[in-house]
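What follows is a set of notes on a single structure, which appears directly below.
The values are calculated or read from the model by the stated rules, or taken from the named source; none is laboratory data. Every value quoted in this text rests on a predicted model; they were computed, and no experiment measured them. Every residue, glycine as well, gets a Cβ built from its backbone with ideal geometry; the counts of neighbours run over all protein chains shown.
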């Protein structure tokens, strides 16, 4: 999955690949703006979508049944408080499940969880 970034003023097209380090990207853009002509951003070596998808599916199997319930609600956009209410559990328990989900699925935020896992769970 790549994102395209257009710098209209400079008429420059840059592909930003998922996984590209922000600092590395910033340094390259800074070089370009200083007048150094060639700038190339290459995709990381692990761009195989099928491998990435199967890796994510394998990580999903690590979730307990209750963590999976919280995971599905989080994907639907429920807040943590709403997840707790839906599952009739304490907020702190839902928070513990969410922390475990993030760790097991190797994500750092709800946005990252949704971006990486929404298509897998459909």
Fill in the blank from the handout: Checked the range 90-120 for anything modelled with pLDDT of 95 or more and in a loop (DSSP other than H, G, I, E, B); matches are 90
Problem - Long-range neighbours under 8 Å by Cβ, at least six apart or interchain, first residue in the same structural domain as residue 100 (by TED's automatic domain parsing) within the range 60-83, second surrounded by fewer than 13 Cβ atoms within 10 Å (Cβ to Cβ) and at pLDDT below 90 - result: 75/118
